[in-house]
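Take a look at the structure below.
Rule-based calculations on the coordinates, nothing more; no lab input. The structure displayed is predicted, hence computed values, not measured ones. Cβ placement follows ideal geometry from the backbone for every residue including glycine, while neighbour counts extend to all protein chains displayed.
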Amino acid sequence: MTAPLSGPVGLSGVLALRAEILAKSRTLGAVHAMPQVPATGEGPSKTSAAPADFTRTMADALKAVHALQTESSAQSAAFERGETQDLAAVMLARQKASIAFEATVQTRNRLLAAYRDIMNMPV
């Protein structure tokens, strides 16, 4: 990233920073869009093994959300202490954590709605 900002920033500086953020965002998007290859190097298997355990999958998702929130808090605290000048990275971490938390809440809401629908079914 560019050097920390000091003094008044002109329109050209803001536009250059925006262009840099967009370029990094596109690069990250391309990396996330690439297919994931297992660590064994065998590639994706044609046959599926046993279905993933729902409890384990949910626990892993919750751990990932917690990790994003922890990272966001750590980056925010570091910025507040003056240890970092990268406001864009702090805001990006906060938005990732916020989106992950909102997705978790929506998942919970849909699971509860499905549970209520099943419980209200006539037998």
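Between the beta carbons of residue 66 and residue 120, assuming R0 = 35 Å, the FRET efficiency works out to 0.60 to the nearest 0.05.
Based only on other Cβ atoms within 10 Å, what is the fewest-to-most ordering of 21, 118, 99?
On the way: 21 15, 118 8, 99 12.
If I rank by nearby Cβ atoms, fewest first, I get 118, 99, 21.
Taking other C-beta atoms within 10 angstrom as a stand-in for reagent exposure, 107, 55 fall in the order 55, 107, fewest first. Checking every one of the GluC sites (Glu not before Pro) in region 69-119 against DSSP loop status and a limit of 11 other Cβ atoms within 10 Å picks out 83. Counted residue by residue at 0.36 nm each, then reduced by the alpha carbon distance between them, the extension gain from residue 18 to residue 108 reaches 28.9 nm.
Neighbour counts of C-beta atoms inside 10 Å place 86, 53 in the sequence 53, 86, starting with the fewest.
Report the extension gain between residue 85 and residue 25 in nm, rounded to one decimal, defined as 0.36 nm multiplied by the number of residues separating them, less their alpha carbon distance.
Details: separation 60, 0.36 × 60 = 21.60 nm, distance 1.88 nm.
So the extension gain works out to 19.7 nm.
Taking one quarter of the surface of the convex hull spanned by the alpha-carbon atoms of region 53-119 gives a direction-averaged projected area of 5.1 nm². Only one residue of 74, 89, 101 has its Cα farthest out toward the positive end of the dipole of region 45-117, where Lys and Arg carry +1 and Asp and Glu -1 on Cβ, and that residue is 101.
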